Amino acid sequence: MARAFLVVMDSVGCGGAPDAGNFFNGERPDTGANTLGHIAAACAAGKAEEGRTGPLKMPNLDALGLGAAIRLASGAAAPGLEARPEGLWGAATETSPGKDTPSGHWELAGVPVPWQWHYFPDTTPAFPPELVAEVCRLAGTEGILGNCHASGIPIIEKHCEEHLRTGWPICYTSADSVFQIAAHEEAFGLQRLLRLCEDLAPTLHAMKVGRVIARPFVGTCDDFHRTKNRRDFAIAPPEHTLCDYVQQAGGKVFAVGKIGDIFSMRGIDELRKGSDAELMEHLFALQREAPDGSLIFANFVEFDTLHGHQRDVSGYARALEWFDAQAGRLLEGTRPGDLVLFTADHGNDPTWTGTDHTRERVPVLAHGAGHREIGLVNYADVGASAAAHLKVAYGGQGRSFL
């Protein structure tokens, strides 16, 4: 029997989304955003030299067709990514009306989002008084901090001292459909933060806000860092996803990273979490241990959280090169019958205006499915292809490209 590894490189887009002009970072439309293309160009121009040097080096994924996928998606050259493809390769276009994590992952798993998400206005305050009152009631505080659009690290820097003095949670949002709460793991309490987010989630989900995200941090205000205890409380998918169909067919579904959160643990047999380095070790272990018929669904989030939102081109390039080296190890360890799919859920161009995701096509690369171009496909075709490889009855959207 077969196994399928579906590996999502969070935010690693490749430009060219036909509707990018309908999505914005501030007042600037996402037209022309290209996460991979612009990082490759910056590296080749010597503008991404912190902790690395020279053109972007991703020989393993480029051999599968990464550079070719960038050119197909956007028409842009990707200096350093010019190998002749030896895998199955193409690029995927999203139809869901969002450029967020749940939309991308659900659609990859066969369920395009059937509604318009609720987004909070880019004003201060951003949240309606009745929502603020509910947060205060559940948190047992007299107020909240933030109440605006922000990126995670700057908003903690701004309000850390007041948070520690008052105990008020730091609440913020972005261009995505999210409500995020940052709090100190010790001073506020990790379990208190998780319980607050869990209890608040039904209220936000009823508003069609996609996720309530707990953002714990530790340390002093002069030297803090966010921890791996982040938790996403996502609205449940409205229909069965690839995970459900594999599970119903008797296969095991292993979630690596925040996949369990994104799918509200529906259709998931086992969850493994940690930093991206730890997640990669989990993936190697599952490569050895997962039984035939398994779906191993992984998300590597640090491209997005540590580098994309921070507009850190050098850091993003370092992360890509690290991941490519690990992908080489993963490919070396495959066994007959394994399909390894690499893709992404949206873009987050670190050269772009603002701090939010960018609307882009994403690469689709496969090992274990022959050597050919599949052209421009849909996100949902990825899930349909994984289901076809596993030979499970599948009722999701999309068509297999295998």
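The values are calculated or read from the model by the stated rules, or taken from the named source; none is laboratory data. Source: prediction; values computed, not measured. A quick note on method: Cβ atoms are made from the backbone with ideal geometry, for glycine too, and the neighbour counts reach across all protein chains shown.
A few notes on this one:
- Selected residue (criterion: surrounded by the most Cβ atoms within 10 Å (Cβ to Cβ)) from residues of the stretch 159-191 that are charged (D, E, K, R) and either part of a strand (DSSP E or B) or in contact (Cβ under 8 Å) with a residue 12 or more places away in the chain (or both): 176
- Selection of first residues in the stretch 111-125 that are over 18 Å from residue 95 (Cβ atoms) and of second residues that are among the charged types (D, E, K, R) and loosely packed, with under 15 Cβ neighbours inside 10 Å, restricted to Cβ pairs under 7 Å at least 6 apart or on distinct chains, gives the following pairs, ordered by first then second residue: 118/208.
- Any hit, the stretch 154-168, residues being within 25 Å of residue 255 (Cα to Cα) and of a type in the set (A, V, I, L, M, F, W, C): no
- Considering residues of the stretch 39-62 that are of a type in the set (A, V, I, L, M) and surrounded by fewer than 20 Cβ atoms within 10 Å (Cβ to Cβ) only, the residue nearest to residue 344 (Cα to Cα): 44
- Checking the stretch 334-344 against the condition returns no match, with no residue being in a helix (DSSP H, G or I) and under 19 Å from residue 253 (Cα atoms).
- Qualifying residue in the stretch 125-138 (condition: assigned to a loop (DSSP other than H, G, I, E, B), at pLDDT 95 or above, under 24 Å from residue 237 (Cα atoms) and touching a Ser or Thr at 6+ places or on another chain (Cβ under 9 Å)): no
- Selection count, the stretch 227-274, where residues are assigned to a loop (DSSP other than H, G, I, E, B), of a type outside the set (Val, Ile, Thr) and more than 14 Å from residue 300 (Cα to Cα): 16
Yes/no per residue for (1) touching a Phe, Trp or Tyr at 6+ places or on another chain (Cβ under 6 Å); (2) surrounded by fewer than 23 Cβ atoms within 10 Å (Cβ to Cβ); (3) closer than 30 Å to residue 213 by Cα:
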{"residue": "69", "(1), (2), (3)": "yes, no, no"}
{"residue": "83", "(1), (2), (3)": "no, yes, no"}
{"residue": "95", "(1), (2), (3)": "no, yes, yes"}
{"residue": "114", "(1), (2), (3)": "no, yes, yes"}
{"residue": "117", "(1), (2), (3)": "no, yes, yes"}
{"residue": "121", "(1), (2), (3)": "no, yes, yes"}
